[in-house]
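First comes the structure, then the notes that go with it.
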């Protein structure tokens, strides 16, 4: 009887210690698993694969954020869009704050050919804070799908995100640009507002010239003489040529000028393979 009374408290003590040890074990296990999960999430976000190959098509994607404009946490979303592009061609997205080239176009073309080779089928989008311009260039068969006019239109549609008015949202500038590239590659249509405005302006100018010639022919109750009609025709040609020069000026960007914006067109005038291209000042 006395021996049983001694065992009771002893067994109870052992049970309490076992319970405490088990609780401590569970706590440590939870902490370890939680710590491991956080490390994995961090590694996934920061050690993102910045290049890869589409096994079905063989086309590659490359993201080189040398300027560190894009947060690591959102690079995965941009790469997902770039992977869609590799269904059609190679693609590179590059950011820079310094390079030795005299134009963003030259930098874009030479960088593209350094990645994929001269004349390779593909597209490159560059955010250049050395010359303050964004530029889209295409080589291979892609340049026929995305000619100069569409390269310019895409940059006209997306440059605003890389400016102070949108807090220099370079990530959205990239994603919107690649989204429109993918739309064109898939046979879709994109907004081209400047092209429509130019067409309207030319139509209005042609209408004014027609009205002038018609009014001239009815003036003073007589028909216009042949030399008057010829003079009016020359006036029409001069106005059209002036418009053509003006349009070219609006598409040209000189890095030396400040406080102005405008597009920039390209088209194979540099060393290497032929290409299409267009850009916009930011």
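Below, the figures for the structure above:
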| item | result |
| --- | --- |
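Conditions (1) surrounded by fewer than 18 Cβ atoms within 10 Å (Cβ to Cβ); (2) over 24 Å from residue 163 (Cβ atoms), marked per residue:
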{"residue": "87", "(1), (2)": "yes, yes"}
{"residue": "93", "(1), (2)": "no, no"}
{"residue": "100", "(1), (2)": "yes, yes"}
{"residue": "122", "(1), (2)": "no, yes"}
{"residue": "130", "(1), (2)": "yes, no"}
{"residue": "135", "(1), (2)": "no, no"}
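Every residue, every condition in (1) assigned to a helix (DSSP H, G or I); (2) assigned by TED's automatic domain parsing to the domain that holds residue 89; (3) modelled with pLDDT of 95 or more; (4) buried (at least 16 other Cβ atoms within 10 Å of the Cβ), yes or no:
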residue: 126; (1), (2), (3), (4): no, yes, yes, yes
residue: 152; (1), (2), (3), (4): yes, yes, yes, yes
residue: 160; (1), (2), (3), (4): yes, yes, yes, yes
residue: 200; (1), (2), (3), (4): yes, no, no, no
residue: 210; (1), (2), (3), (4): yes, no, no, no
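The values are calculated or read from the model by the stated rules, or taken from the named source; none is laboratory data. These numbers were taken from a predicted model, which means no experiment stands behind them. Quick reminder, even Gly has a Cβ in these numbers, built from the backbone with ideal geometry, and neighbours come from all protein chains shown.
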